[in-house]
Amino acid sequence: MTAGTPFPIVSGEISTASISGQAPRISSLLIKPASAVCNLDCQYCFYLDRDADPYKELPARVMPLDTLERLVDSFLFYSYPASTFAFQGGEPTLAGLKYFEKLVEFQQRFGRNGQSVSNALQTNGVLLDADWCKLFREYNFLIGISIDGPEEVNDLYRFNKAGHGTWKKVMQGIETMQKERVEFNVLCVLSQSNVHKPKEIYKFFRSIGVQYMQFIPLAEFNADGSRMPFTITPEEYGRFMCEIFDLWWPERRKTRVRFFDNLAEAIAGQKPGSCTMHETCDSYVVVEYNGDVYPCDFFVEKDWRLGNITVDSFPEIARRQKRYSFAVKKTLAHPECQVCQYQAICHGGCPKTRHGVHKQFEDLDYFCAAYKMMFDKAVGPLRKEVEKLTGSSAALTPHSISPY
């Protein structure tokens with residue numbers, strides 16, 4: 001289908017009920033320009049063959065340029081003076097280099113004097129070449145590369161459509177970015193392939209010049225609530241991150257681990273970069289390839305659709321009752337959370353890992369035991385570090401919640 005041709009909007013009732021008063025602002029967008037379509041076939045992908053995917057019957061999905069133009073124009077107007085666009089998939093580079101060149105062109109056209117615009121892109125790195133890197137470097141894109149460790153670790157679950165390992169292709173992409181002087185971080189999914197190898201994983205990333213790391217724990221479940229074979233246990237996740245902390249701490253001035261960055265932000269009384277540590281789930285929205293909007297990347301499902309940017313404004317979407325209903329799912333405190341010393345950091349964890357096992361948002365986060373292990377390990381040293389840097393006592397105090 002040619003660029004500019006509208007794709008079908010998923011049918012379904014959209015509640016137009018709005019919250020009275022001021023709605024919490026949408027601070028950033030997570031845009032899926034090629035929807036969940038990907039050029040890889042990773043075994044653990046939570047989008048793979050997902051029954052709840054509203055677009056699974058549509059094999060070719062790329063955001064039309066007129067939808068992109070509307071998206072950029074409306075969000076720049078709404079989010080002034082600071083606007084953040086993040087691109088994810090599936091694999092966002094499948095939208096093509098020209099798509100992202102048009103993105104920048106639209107941002108330059110519709111941006112206003114004094115407006116700060118930032119772009120981030122999460123990719124498997126397979127399609128990256130010098131032309132992509134030129135764009136990233138010229139416009140200072142924040143790039144995340146998905147790689148799970150050395151070849152034998154990465155290729156256990158991350159393979160292409162032909163069933164072949166992807167590590168060599170990803171490493172070519174990393175080497176191209178390094179040659180073209182493009183800064184990047186790595187996103188490492190913690191599965192049964194690597195969760196017992198923290199030292200090996202950390203040293204591998206450092207050996208290839210990585211200074212920014214993010215570790216995402218894998219938690220996928222069967223219909224009966226049992227763990228899928230690649231899913232890690234809370235204890236495995238906790239032990240891994242505690243060992244990573246010991247490896248990272250001596251070189252914390254030159255290496256960054258996102259979880260510990262976010263934890264330090266929480267200790268300092270700032271809003272952490274990770275939505276997992278927020279009080280409510282309302283900091284960003286997902287924009288699908290056809291303009292449909294959802295409150296979370298883990299809940300791109302018909303029942304959670306908030307509207308469509310081709311017909312709805314961002315203030316309207318921000319005020320939707322359904323957005324409020326999703327945001328407060330995180331506030332359904334489990335009894336253990338109400339008496340936990342780390343409640344002001346964790347705020348009950350992530351609704352995805354609370355909902356995963358029994359499909360109940362009221363449940364305890366699957367990784368609760370892991371968080372406690374990690375907080376026990378890291379909060380003390382990080383509090384002292386924050387106090388040293390700020391010159392004041394760091395208290396774990398709740399962040400204020402914007403009125404609805």
**Study point:** Cross-link partners of Lys203 among lysines (Cα-Cα below 19 Å; sequence separation of 8 or more within a chain)
**Key:** Lys168, Lys254
**Study point:** Candidate residues His347, His358, His334: accessible-area rank, largest first, probe 1.4 Å
**Key:** His358, His334, His347
Review point. Which of these, Cys368, Cys340, Cys133, has the largest mean-square fluctuation under a Gaussian network model of the chain (Cα springs below 10 Å)?
Key: Cys340
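Mind scanning Lys32/Lys329; Lys179/Lys199; Lys161/Lys377 and naming the pairs with a C-alpha gap bigger than 30 Å? Present the calculation step by step, with values, prior to reporting the outcome.
Details: Lys32/Lys329 24 Å; Lys179/Lys199 27 Å; Lys161/Lys377 41 Å.
Listed pairs above 30 Å: Lys161/Lys377.
Give the percent of DSSP beta bridges with both residues in the chain that are antiparallel, rounded to the nearest 5. Before the final figure, lay out the partial values.
Details: 8 of 36 bridges.
Close to 20 percent.
Semi-axes of the equivalent ellipsoid for the chain, please: Cα gyration tensor eigenvalues, times 5, square-rooted, ordered largest first, whole Å.
Numbers: eigenvalues 183, 145, 103 Å².
Output for the chain: semi-axes of 30, 27, 23 Å.
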**Study point:** Note, ³J(HN,Hα) from phi for region 290-296, Karplus 6.51, -1.76, 1.60, rounded to Hz, x at Gly and Pro
**Key:** 9, x, 4, 10, 9, x, 7
Review point. Can you give the accessible area of Met374, probe radius 1.4 Å, in Å² rounded to 10?
Key: 0
**Study point:** Residue with peak Gaussian network fluctuation, the chain [Cα springs, cutoff 10 Å], from Arg61, Arg319, Arg109
**Key:** Arg109
Check your understanding: Out of residues 5 or more away from Gly144 or on other chains, whose amide H comes under 5 Å of its own, with H placed 1.01 Å from N in the peptide plane?
Key -> Leu121, Gln122, Thr123, Asn185
Revision key, fill the gap. Sequence order, region 192-207: Karplus ³J(HN,Hα) from phi using 6.51 cos²θ - 1.76 cosθ + 1.60, θ = phi - 60°, Hz rounded, Gly and Pro as x, gives 5, 7, 9, 5, 9, 10, x, 5, 4, 5, 4, 5, 5, 4, 5, 5
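Going from most exposed to least, what order do Asp303, Asp66, Asp53, Asp41 have by accessible area with a 1.4 Å probe?
Values: Asp303 115, Asp66 70, Asp53 15, Asp41 45 Å².
Listed by decreasing accessible area, they come as Asp303, Asp66, Asp41, Asp53.
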Review point. How do Leu142, Leu389 stack up against each other in accessible area, from largest to smallest, with a 1.4 angstrom probe?
Key: Leu389, Leu142
Practice item. Quote the accessible area belonging to Glu251 in square angstrom, nearest 10, computed with a 1.4 Å probe and with ligands, DNA and RNA left uncounted. Key: 40
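Mean shadow of region 59-172, computed from the convex hull of its alpha carbons, in nm²?
On the way: hull surface 32.3 nm².
Here the figure is 8.1 nm², rounded to one decimal.
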Check your understanding: Which ³J(HN,Hα) values, rounded to whole Hz and listed in residue order, are derived for region 108-116 from phi using the Karplus coefficients 6.51, -1.76 and 1.60 in 6.51 cos²θ - 1.76 cosθ + 1.60 with θ = phi - 60°, glycine and proline given as x?
Key -> 5, 6, 9, x, 10, 4, x, 8, 9
Review point. Amide H neighbours of Val117 under 5 Å, counting only residues 5+ apart in sequence or on other chains, H built in-plane at 1.01 Å?
Key: Ser83
Practice item. Kindly identify region 213-366 as rounded, prolate or oblate by the Cα gyration tensor criterion: order the square roots of the eigenvalues as a ≥ b ≥ c, call it rounded if a/c is under 1.5, otherwise compare a/b with b/c, prolate if a/b is larger, else oblate. Key: prolate
Review point. Which value in deg cm²/dmol, rounded to the nearest 500, describes the helix-derived mean residue ellipticity at 222 nm for the chain, given -39,500 (n - 2.57) per DSSP H run of n ≥ 4 and division by the residue count?
Key: -10000 deg cm²/dmol
Point to revise | Positive dipole terminus of region 188-276, leading residue within Ile216, Phe240, Thr255 (C-beta point charges) | key: Thr255
**Study point:** Built amide H within the under 5 Å cut-off of Asp41, gap 5+
**Key:** Phe159, Asn160, Lys161
Check your understanding: At a probe radius of 1.4 Å, what is the per-residue accessible area of His355, in Å² to the nearest 10?
Key -> 40
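Expressed in whole Å with the largest first, what are the equivalent ellipsoid semi-axes of region 181-302 derived from the C-alpha gyration tensor as the square root of 5 times each eigenvalue?
Values: eigenvalues 138, 87, 48 Å².
So the three semi-axes of region 181-302 are 26, 21, 16 Å.
Quick one: of Lys197/Lys372; Lys98/Lys322; Lys197/Lys271, which pairs are farther than 23 Å apart, Cα to Cα? Before the final figure, lay out each step's value.
Working: Lys197/Lys372 21 Å; Lys98/Lys322 35 Å; Lys197/Lys271 31 Å.
Correct reply: Lys98/Lys322; Lys197/Lys271.
The values are calculated or read from the model by the stated rules, or taken from the named source; none is laboratory data. Treat the numbers as computed from the prediction; the structure is a model and nothing was measured. As a convention, Cβ positions derive from the backbone with ideal geometry for all residues, glycine included, and neighbour counts pool all protein chains shown. What goes into the accessible areas is simple: the full protein's heavy atoms, side chains included, and nothing from ligands, DNA or RNA. Shrake-Rupley method; radii C 1.70, N 1.55, O 1.52, S 1.80 Å.
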